[in-house]
Amino acid sequence: MADADLVFVGGHVFSSDEGGRPASALAASGGRIVAVGADDEVRELIGARTETVELNGRLLLPGFQDAHIHAVMGGVEMGQCDLTGTVDRDEYLRRIKVYAEQHPEAEWIVGGGWSMESFENGVPDRHLLDRVVPDRPVYLLNRDHHAAWVNTKALEVAGITSATPDPASGRIDRDADGNPVGALQEGAMDLVAVPEMTQEVMYEGLLRAQKLLHGLGITAWQDAMLAASNGYADVSDAYEKAAQAEALTATVVGALWWDRDRGLEQIPDILANRERLTVGRLRSDSVKLMLDGIAENFTASMTEPYRDSCGCSTANRGLSFIDPEALKEYVVELDRLGLQTHFHALGDQAVRNALNAIEAARAKNGPSDTRPHLAHLQVVHADDVARFARLGATANMQPLWAAHEPQMDELTIPFLDPSLVARQYPFGDLYRSGAWLAGGSDWPVSSPDPLQGIHVAVNRVLHGEQRDQFLPEQALDLRTALTAYTAGSAYVNRLDDTGQLRPGFRADLVVLDRDLFAAPVEEIGDASVALTYVGGDRVYG
């Protein structure tokens, strides 16, 4: 065999197969893995031009893949008024004031990252913003992007008053007299016409995001919202430009947005976008269907009604953004056309609706390799757990959310029906039932760092937090969690020559600063990425 381009020796080469032959070394040539085995076997491939990496006991992994992310928006927000990393209300106001002073030319102050736990009942007040920016409209998304905090000027510009009705897909939070308080939930965010981001800003955001994600060991991802409508920014041109210019070093699958205000007549547009947005390292053959909202603002679709602040049952079971019967028709046709379906399904009724639609597609079209997946899965009814494996539906996890923290303990658990509380993020049950698991972040909703997500998937507590484990019976073992973020997401992304360290597979590789298997699982979150390679080329380190 010819000399290898790249060789790693002296470490722990990860295998998702627990019973597989242990390996300490790996070699790659021409962007592909050519050998995996013991040091003495692989050292034979080292030549004069071989790049040799001494692992010194560290863990070598396939590149992480994020199965549900909004990379362009995350990168854009890094350059806007950034409120992430704190829950202190005074710190929010300080940052907003400083940002406004540093950007006197900005007609609008735009950004986000605030947390619902920072405000009483999770609802911020416009008057707080008026103190620091009284003369320009302010529009700040919360960390999960399902609500916006606006000042009085923004409400005036949008013409939102006590007489403005709530849209069908959202809610204007109001005081006792019916006046808007400054928080807009879900579809009510669309009432404010924030100036559209320029293509230049979105392209710069993509490149900024790619650099960050490579530094976290991420070599491929699925962007959950390309060719968006319904008030969301369309980031598809940024991806197209980067792919054509070969500036896209990651492999990206684009999930084309399903416009919930339209029906099957949008299929030709989706097919046209699939063709336009499949170039270079970009492939867009997934379709994103947003079925419901989130639990904290009572818009996630549940089988049982929410409770009020007194613990009494209400009439509200959340929102279904797409009619469940129409959804079946849509998914049958998308599956027939070979398109993957990627569902936002957070409440257990939304999960059931998605599974029913997949079941309808299986009945009508027969078996297919479209690999549908359901993202978020905050609540999954016990009756639906086994359906994932039976229908070939992947559970797309965002594990960072499966932990005790104020948004969970103060704004979610008290308002869920008691029968649903223990059904949250049931990753363990899904895995034991035979479901395929994939890992994602939903960044910029939460951190894109896979190691932090893996830490919570295994420990059911946030790294560095001294709290009780959240439903510990739903924890995953380390190997299973790592597999979800590698082979699991590769399966969802239909990148079948990635996600595992096997000869013939692409040399998308990550070296950690330690061997996770040689330390207590409570220390997973202490680890970091040392090196990242895409196709054998170093992109970080």
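The values are calculated or read from the model by the stated rules, or taken from the named source; none is laboratory data. Owing to the predicted nature of the structure, the values given are computational and were not obtained by experimental measurement. For neighbour counting, all protein chains shown are included, and Cβ atoms are generated from backbone atoms with ideal geometry for every residue, glycine included.
Yes/no matrix, rows are residues, columns are (1) in contact (Cβ under 8 Å) with a residue 24 or more places away in the chain; (2) touching a Phe, Trp or Tyr at 6+ places or on another chain (Cβ under 6 Å):
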| position | (1), (2) |
| --- | --- |
| 95 | no, no |
| 98 | no, no |
| 119 | yes, no |
| 125 | yes, no |
| 129 | yes, no |
| 133 | yes, no |
| 138 | yes, no |
| 142 | yes, yes |
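The sole residue among 77, 117, 91 that is at pLDDT 95 or above and part of a helix (DSSP H, G or I) is 91. Filtering region 1-29 to residues that are at pLDDT 90 or above, closer than 30 Å to residue 437 by Cβ, in contact with a Lys or Arg (Cβ under 9 Å, 6 or more places away or on another chain) and in a loop (DSSP other than H, G, I, E, B) leaves 11, 14, 15.
Quickly run through region 352-404 and pick out the residues that are of a type in the set (Phe, Trp, Tyr) and under 17 Å from residue 293 (Cα atoms). Scanning region 352-404 gives a single hit, 401. Comparison of 497, 526 shows that the only residue that is farther than 19 Å from residue 429 by Cβ and within 22 Å of the chain's Cα centre (by Cα) is 526.
How about region 452-475: which of its residues are over 20 Å from residue 412 (Cβ atoms) and buried (at least 24 other Cβ atoms within 10 Å of the Cβ)? Scanning region 452-475 gives 454, 455. In region 12-36, the residues that are surrounded by 18 or more Cβ atoms within 10 Å (Cβ to Cβ) never reach a residue that is assigned to a strand (DSSP E or B) and acidic (Asp, Glu) with C-beta atoms less than 8 angstrom apart, at least six apart or across chains. Of the conditions (1) small (Gly, Ala, Ser); (2) in contact (Cβ under 8 Å) with a residue 12 or more places away in the chain; (3) under 21 Å from residue 537 (Cα atoms), residue 245 clears all except one; give me its number. Only one criterion is unmet by residue 245, namely (2). Of everything in region 210-259 that is part of a loop (DSSP other than H, G, I, E, B) and among the acidic types (Asp, Glu), the residue that is surrounded by the fewest Cβ atoms within 10 Å (Cβ to Cβ) is 246.
Quick check, is residue 269 assigned to a helix (DSSP H, G or I) and among the charged types (D, E, K, R)? So residue 269 passes the test. Scanning region 441-455 for residues that are small (Gly, Ala, Ser), over 24 Å from residue 224 (Cα atoms) and not assigned by TED's automatic domain parsing to the domain that holds residue 112 turns up nothing.
When 382, 375, 403 are screened for being touching a His at 6+ places or on another chain (Cβ under 8 Å) and aliphatic (A, V, I, L, M), only 375 passes. Of note, residue 447 does not satisfy the criterion of being farther than 25 Å from residue 515 by Cα and of a type in the set (Gly, Ala, Ser). Of the helices (runs of 4 or more DSSP H) lying entirely inside region 435-533, those containing at least 3 residues that are within 23 Å of residue 143 (Cβ to Cβ) span 450-459.
With respect to residue 42, determine if the residue is in a strand (DSSP E or B), touching a Leu at 6+ places or on another chain (Cβ under 7 Å) and β-branched (Val, Ile, Thr). Considered against the rule, which asks whether it is in a strand (DSSP E or B), touching a Leu at 6+ places or on another chain (Cβ under 7 Å) and β-branched (Val, Ile, Thr), residue 42 comes out as no. If the condition is being over 21 Å from the mean Cα position of the chain (by Cα) and either under 18 Å from residue 68 (Cβ atoms) or of a type in the set (Phe, Trp, Tyr) (or both), then region 369-415 contributes only 415. Scan region 176-187 residue by residue and report those that are among the hydrophobic types (A, V, I, L, M, F, W, C) and surrounded by fewer than 22 Cβ atoms within 10 Å (Cβ to Cβ). If the condition is that a residue be among the hydrophobic types (A, V, I, L, M, F, W, C) and surrounded by fewer than 22 Cβ atoms within 10 Å (Cβ to Cβ), then 176, 181 are the ones that fit.
Any residue at all in region 159-175 that is surrounded by 14 or more Cβ atoms within 10 Å (Cβ to Cβ) and part of a helix (DSSP H, G or I)? The answer is no; no qualifying residue exists. Scanning region 190-209 for residues that are in contact with a strand residue (DSSP E or B) (Cβ under 8 Å, 6 or more places away or on another chain), of a type in the set (A, V, I, L, M, F, W, C) and assigned to a helix (DSSP H, G or I) turns up just one, 191. Residues of region 318-327 include none that is aromatic (Phe, Trp, Tyr), buried (at least 24 other Cβ atoms within 10 Å of the Cβ) and in contact (Cβ under 8 Å) with a residue 24 or more places away in the chain.
Taken as a whole, the condition of being in contact (Cβ under 8 Å) with a residue 40 or more places away in the chain, surrounded by fewer than 16 Cβ atoms within 10 Å (Cβ to Cβ) and not charged (D, E, K, R) applies to residue 337.
Which one is modelled with the lowest pLDDT among residues in region 124-158 that are assigned to a loop (DSSP other than H, G, I, E, B) and either basic (Lys, Arg) or within 26 Å of residue 301 (Cα to Cα) (or both)? Ranking the candidates gives 144 first.
Among the residues of region 502-521, just one is within 22 Å of residue 431 (Cα to Cα) and buried (at least 20 other Cβ atoms within 10 Å of the Cβ), namely 516. In this structure, does residue 353 turn out to be more than 25 Å from residue 169 (Cα to Cα), modelled with pLDDT of 95 or more and among the polar types (S, T, N, Q)? Criteria not met by residue 353.
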